[in-house]
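Just so you know, all these numbers are worked out from the coordinates, no wet-lab data involved. Note that the structure is predicted; figures quoted are calculated from it, not measured. Here the Cβ positions follow ideal geometry from the backbone for every residue, glycine too, while neighbour counts run over all protein chains shown.
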Amino acid sequence: MKTIQLAPRITTGSAGTGKPPALVLRGVSVRLGGPAILHDISFDIRERRIGIVGRNGSGKTTLARVIAGLLAPDGGTAEIDGTDMAKDRKAALRTVGILFQNPDHQIIFPTVEEEISFGLVQMGRKRDAAAQETREILQRFGKSHWAGAANHALSQGQKQLVCLMAVLAMRPAVIVLDEPYSGLDIPTRLQLMRFVDEVEASVIQITHDPDSVRHFERVIWVDRGRIREDGEAAGVLAEFEGQMRNWGEQDDLSDLSG
Ligand SMILES: Nc1ncnc2c1ncn2[C@@H]1O[C@H](COP(=O)(O)OP(=O)(O)OP(=O)(O)O)[C@@H](O)[C@H]1O
């Protein structure tokens, strides 16, 4: 396999330092018009590989949207290298790429090349330059023959790869992956995991599968909108899996958020 050494096109304060960007959340709370979904979330991330685990409805996707600047918190701030992601949407678009759980919620264009070019044009690339960079990313993934393919005719795993290529083409400093491998067969999952392992960008991966983040530097467990554990992967995952088994043995679903 070709290596996917896509250096982030970092435009934030860590540019050129070789250090991962600093993702700092301070006192983030989110309500969305109802009871609080996130309560007073604070962390300071300087690692390149972060896993986020938690039960259904615990607030992980909401947290991902705050990190990517897609959702302005009701309280607190989310900054990358000192830039507030909710206040500077242009910086957020350049700095953070987000891959949603369901590619059908992400893909908006008929063909693969249009889908990948779109983000580049949004970032200010001229159409020719965007087309060239689209060809390059397709080539890096050995998928040049997909350029004119209809997205709707691709399988879920293939669509997921299109979304991943679209995110990587923008070369963000931070990539947020929300359950990127659910519904994928084992070879496709392993291939996409290898691609992700190779990228230089910082990766924040939301998952229900502890095995997919066991090798990460740090894992954050979100429980009912709060951080329950935050630390080295082995310790946090051992606690998390123990609690999940414990809850799984009970029949009471009343503690499920939402
Ligand atoms: N747009 C919205 N408006 C109101 N409530 C919302 C909205 N989006 C999410 N919620 C609620 O916020 C809570 C957290 O949802 P979120 O999608 O962040 O959880 P999650 O941990 O990603 O869940 P899952 O693992 O099931 O994907 C849920 O109770 C959900 O119903």
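Quick notes
- Annotation: amide H-H contacts under 5 Å for residue 203 (H modelled 1.01 Å from N, sequence separation of 5 or more, or interchain): 49, 50, 175.
- Nearest 10 degrees, 0 to 90: helix 156-169 Cα axis against the chain principal axis: 80 degrees
- The chain: most fluctuating residue of 91, 166, 238 per GNM, C-alpha cutoff 10 Å: 238
- Under the Karplus curve 6.51 cos²θ - 1.76 cosθ + 1.60, θ = phi - 60°, whole-Hz ³J(HN,Hα) for the stretch 99-104, x wherever Gly or Pro sits: 10, 7, 4, 10, x, 5
- What separates the Cα centres of the stretch 74-117 and the stretch 130-182 is a distance of 15 Å.
- Proximal lysines relative to residue 159, as straight alpha-carbon distance under 28 Å, when same-chain residues fewer than 8 apart are discounted: 2, 60, 90, 126, 143
- Taking the C-alpha atoms only, the angle from helix 112-122 to the longest principal axis of the chain is near 80 degrees.
- Gyration tensor verdict on the chain (Cα atoms; rounded if a/c is under 1.5, prolate if a/b is larger than b/c, oblate otherwise): prolate
- Residues whose amide H comes within less than 5 Å of that of residue 99, counting only those at least five positions distant or on another chain, are 176, 177, 178 (H built at 1.01 Å from N in the peptide plane).
- Loop-located trypsin sites (Lys or Arg not before Pro) in the stretch 71-129 (DSSP state other than H, G, I, E, B) with a sparse environment of at most 12 neighbouring Cβ atoms within 10 Å: 126.
- Mean sequence separation of contacting Cα pairs (under 8 Å, at least six apart), scaled by the length of the stretch 23-245, corresponds to a relative contact order of 27 percent.
- Percent of beta bridges antiparallel (DSSP, the stretch 23-245, rounded to nearest 5): 50 percent
- Where trypsin sites (Lys or Arg not before Pro) fall in DSSP loop in the stretch 174-258, at most 16 other Cβ within 10 Å: 214
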